[in-house]
Amino acid sequence: MVCRFPATIFFTFGGFWGTFGATLTPFYDAVNGYGNDPAGFYNSFAMFLIGMAILCFFFAIAALRTNVCLVFVLVCFCVTFPCLAASYFYLADGVTPLSNTCRVVGAAFAFAATMVTWYLVSLQTRVLSTSALLMNRPVVLHDPGSCGFSVHAPSR
């Protein structure tokens with residue numbers, strides 16, 4: 001589970017964000033597939049986001065055995081996707097102010113997840129390890145032998 005689980009998560013997210021971006025790109029013209037009913041597109045797109053929220057929930061439960069940072073990222077996305085789905089549901093109903101509010105809340109949780117993800121990336125690649133301030137950045141890992149969590153600093 002050490003390497004395969006994170007790879008599964010991040011390949012899933014890569015496919016999701018590629019699909020998300022392509023659907024909203026005017027070149028692919030996904031909205032016009034619904035004819036004169038853009039509300040149908042918004043409702044179906046919201047269901048797509050709810051499906052991803054459910055998948056993130058299962059990933060978050062499975063990630064409890066890895067590290068706290070990954071769990072935090074997945075829990076943030078468990079909040080992000082329902083907020084974005086609510087945004088599209090409100091947009092389909094024509095309630096634009098509530099749609100914008102839900103989109104901003106979803107974006108805030110996605111931003112928090114992104115910051116923690118960059119923290120993990122910097123730990124893995126050690127790009128920032130030349131700075132004396134960021135030399136020993138800890139990550140909290142699950143230790144299956146002790147049934148608890150322990151703090152580990154990256155080795156030099």
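Every read-out reported here was derived from the displayed coordinates using simple, explicitly stated rules and does not represent laboratory data. Since the model is a prediction, treat every value here as computed from it, not as a measurement. Glycine also receives a Cβ, built like all others from the backbone with ideal geometry; neighbour counts cover every protein chain displayed.
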Problem - Between region 61-95 and region 7-59, the Cα center-to-center distance that results, in Å - result: 14 Å
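Just rank Arg65, Arg4, fewest to most, by other beta-carbon atoms within 10 angstrom.
Exposure proxy ranking, most exposed first: Arg4, Arg65.
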